[in-house]
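Here the structure is laid out as structure tokens; the discussion comes afterwards.
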Amino acid sequence: MPTAISTSFAGTAKTFQDSLANQGLLVGGAILTIYIVLGILYESFIHPLTILTGLPSAVLGAVVALRFAGMDLSVIAVIGILMLIGIVKKNGIMMVDVALELRREGMSAKDSIHKACLMRFRPIMMTTLAALMGTFPIALGTGASAELRQPLGVAVVGGLLASQALTLFVTPVIYVYMENFSSWLAGLMPKRKAELHAVDNPEQPSLFGINDDIPAEPQKTAAE
């Protein structure tokens, strides 16, 4: 064909192409919204990143599952990935929330996340298996017009399997590193450094080295 002739999509094909072009912005906006909400909830810029570390494994599992099933990353599959963002981040919330509470009680970062994993393992498995069993029939593609919904089920099932296998091992490690990084940043500020020292050493004496249990001597009046 001559070089002066160009081709482009039109009609329904153009609309579909535009919808695919905005998928990256849609996923990025969802992640940004979750980060802001978690930042407000925990009053931290660091630990929301710890919670969101399970998302890459979920997206990778969804893409691999779609590729294995011979399906494209369609709009329905992207909706399944958006569902994964909400399902997978609850695993990190369950662990990090308990770990931060134990951290405030004076426990170390490593011990707090280890205990949080033991305490929250059962709820994490129950909620993940409930979501997995709920979307597994959709992934099988049975029933009328199942071809439209099947990519959503395949993406969710693949993402849940991958994230469940990695979140319980990756998130605690990242939490320890993030907590150490947060402690280092807090140590740079004099006010936060004193608060951090009080959390890490709850049984230390008072600031001036005086035992708080010893009552203060009464002050003598002018007449005495």
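The values are calculated or read from the model by the stated rules, or taken from the named source; none is laboratory data. Remember, predicted model here, so these are calculated numbers, not experimental data. Cβ atoms come from the backbone with ideal geometry, glycine included; neighbour counts cover every protein chain shown.
So the values come out like this:
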item: Condition check for Ala30: closer than 20 Å to Ser163 by Cβ, in contact with a helix residue (DSSP H, G or I) (Cβ under 6 Å, 6 or more places away or on another chain), surrounded by 20 or more Cβ atoms within 10 Å (Cβ to Cβ) and of a type outside the set (D, E, K, R); result: no
item: Qualifying residue in region 16-29 (condition: modelled with pLDDT of 80 or more and within 12 Å of the chain's Cα centre (by Cα)); result: no
item: Close pairs (8 angstrom Cβ cut-off, 6 or more residues apart or separate chains): of a type outside the set (Asp, Glu) in region 71-87, in a loop (DSSP other than H, G, I, E, B) and modelled with pLDDT of 80 or more anywhere; result: Ala77/Met71
